[in-house]
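**Q** Got a structure here, written out as structure tokens. Questions coming.
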Amino acid sequence: MFIGKFNPDSIIPKSYGSMAGIALAAISTALLTDSPAMTVGALGALYLANQYRTRDSRDGYLFDSPLDDLINAPDAIANVNDLVTERLRKATGNKDLIALESRSAQYRLFKISTDNPQELAKALPRVASVLGIAPDELGFIPTAARDLSIILAPLPRSEWQAVPFDESQLKPNELIGYVGLDVQGQPVTYHRQQSPHMLISGTTGAGKTEVIRADMHAMRLSGLNPEIYIIDAKGTLRRESCNQFTADMNEGLEILTEINQRARERMQEIVKADCDNWFEYKKKCPAICPNPILVYIDEYPQLRALNKDAVELALGELLRVHRSAGVFVTLGIQKPKADQLPTEMRDMLDVRLALRVPDKTASLVAIDEVGAEGLVGEGAFLFRVGGHKLVQGRGVFMAKY
């Protein structure tokens, strides 16, 4: 180890006896000169020297090794996978790589501390062969955290774990949505105050209905007694507790029109109270503030097919203007297409959750990136709020609710 052209090995004591002698001499000199600063400096220098001598026990780091955080992670007990470690070292030529294995609800996770994720990406086909799976089944998160990459290998379906609804992630009087767990087992949530509207994409059997049900459940648990309106052409959500449900698209358009009118009237009251939006009004005038309105539209293309111009006009007003009146919209769609969801409308849907979709084009419309077309199994998702990075995980299973 060199610092510039300087090699610390040339001055570091080679034994504990030598260090003890130097320490005694340094402290004696400091005491004789009555200099506390010199005493502290001498002890500090000796501490650093000892850290340098024992750095091999910390993976070459002067202080704590970042690998210790991976090994002691609270969500899983990580173990070194020798086969994957050996294959990665041979493929990359990096003899310091270590693959620490843990599990999440749907994956075997291989966490690798590296500042060069590109070299790992090139080695993925060889890792797949070691694990006995097809290369296209292997997932890869190049920058899960600073200097941390994660390789994802799907578990057999018989070993998948259902993700239960976690009420501890919610807060009283706040519109927080609970989505599920990311691949590392961390909760995935969002807040309607910062991100009011949501787009959920996914083919039949991907888990879209469960995601919508979980979001309704979270809104009900907010303590704000939300008004819930459901427009669902298939009728899958007809058993959900709500203020109004319809599978009739004509009635659905009437619901949107009525909510727009109510939102305009709300805004007049909010402005009179010298507030900018419903959240400010709720804080300033809690006794008279109306309940939030949640609108869930599943199979949106069927509603749009009724009357494209009228539906886009009504929905556009809700998305663009009435978040300030406490109106929050969630759209569900099986195969998102650019002509059905124009860019202007997609940009107003701050929260994006993509389950498995038919192809790369649909993934780009749903989440602004490819990848959702390759998701495996019910509930597997890619999630993004605004401009934040993409999160991969598995959604809540709502069977008992």
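Derivation of every value follows stated rules applied to the coordinates shown; laboratory data play no part. Treat the numbers as computed from the prediction; the structure is a model and nothing was measured. Note that we place each Cβ from the backbone using ideal geometry, even for glycine, and neighbour counts take in every protein chain shown.
**Q** Please express the shape of the range 174-282 as an equivalent ellipsoid: the semi-axes are the square roots of 5 times the eigenvalues of the C-alpha gyration tensor, given largest first in whole angstrom.
**A** The answer is 26, 22, 11 Å, longest axis first.
**Q** Taking the alpha-carbon distance from Lys282 and a cut-off under 22 Å, which lysines remain once sequence neighbours fewer than 8 residues away in the same chain are dropped?
**A** Lys171, Lys272
**Q** So what's the Cα pair-distance distribution over the range 99-227, bin width 10 Å, in %?
**A** Using 10 Å bins, I get a P(r) of 11, 33, 29, 21, 6, 0 for the range 99-227.
**Q** Further, regarding this structure: So what's the gap between the Cα centers of the range 97-160 and the range 221-277, to the nearest angstrom?
**A** After rounding, the separation between the Cα centres reads 43 Å.
**Q** If we sort 380-387, 136-143, 391-398, 281-288 on the protection proxy, mean other Cβ atoms within 10 Å, highest first, what's the order?
**A** The most tightly packed comes first, giving 391-398, 380-387, 136-143, 281-288.
**Q** Could you compute the net charge surrounding Thr92? Neighbours are other residues with a C-beta less than 14 Å from the C-beta of Thr92; K and R count +1, D and E count -1.
**A** +2
**Q** I've got another one for you. For the range 329-386, take every pair of Cα atoms, bin their distances at 10 Å starting from 0, and report each bin as a whole percent.
**A** Spelled out bin by bin, the range 329-386 gives 25, 61, 14, 0 percent.
**Q** Turning to a different aspect of this structure: What does the charge count around Arg220 come to, taking other residues whose C-beta lies under 12 Å from its C-beta (Lys +1, Arg +1, Asp -1, Glu -1)?
**A** -3
**Q** With each pseudo-label sitting 7 Å past Cα toward Cβ, what's the Glu174-Glu369 distance in nm, one decimal?
**A** Inter-label distance under the simple model: 2.5 nm.
**Q** If you add up the charges near Val127, with Lys and Arg at +1 and Asp and Glu at -1, over every other residue whose beta carbon is less than 14 angstrom from its beta carbon, what do you get?
**A** Cβ neighbours under 14 Å give a net charge of +1.
**Q** Let me ask something else about it. With only alpha-carbon pairs counted, each pair once and no self-pairs, how large is the Kirkwood hydrodynamic radius of the range 290-391 in angstroms?
**A** Computed over the range 290-391, the radius equals 14.4 Å.
**Q** If the range 165-218 were replaced by its equivalent ellipsoid, with semi-axes equal to the square roots of 5 times the Cα gyration tensor eigenvalues, what would those be, largest first, whole Å?
**A** The equivalent ellipsoid of the range 165-218 has semi-axes of 19, 14, 10 Å.
**Q** Now a separate question. For the range 363-401 and the range 299-329, write down the distance between their C-alpha centroids in whole Å.
**A** After rounding, the separation between the Cα centres reads 23 Å.
**Q** Between Thr143 and Asp359, what length comes free when the chain is fully extended (0.36 nm per residue of separation minus the Cα-Cα distance, one decimal in nm)?
**A** Stretched out fully, the Thr143 to Asp359 stretch lengthens by 75.3 nm.
**Q** Give the lysines whose C-alpha is closer than 21 Å to that of Lys111, dropping any in the same chain fewer than 8 places away, or say none.
**A** Output for Lys111: Lys90, Lys95, Lys122, Lys389.
**Q** Could you list the residues of the range 204-243 with an amide nitrogen less than 12 Å from a label point located 7 Å from the Cα of Asn291 in the Cα-to-C-beta direction?
**A** 220-229, 241-243
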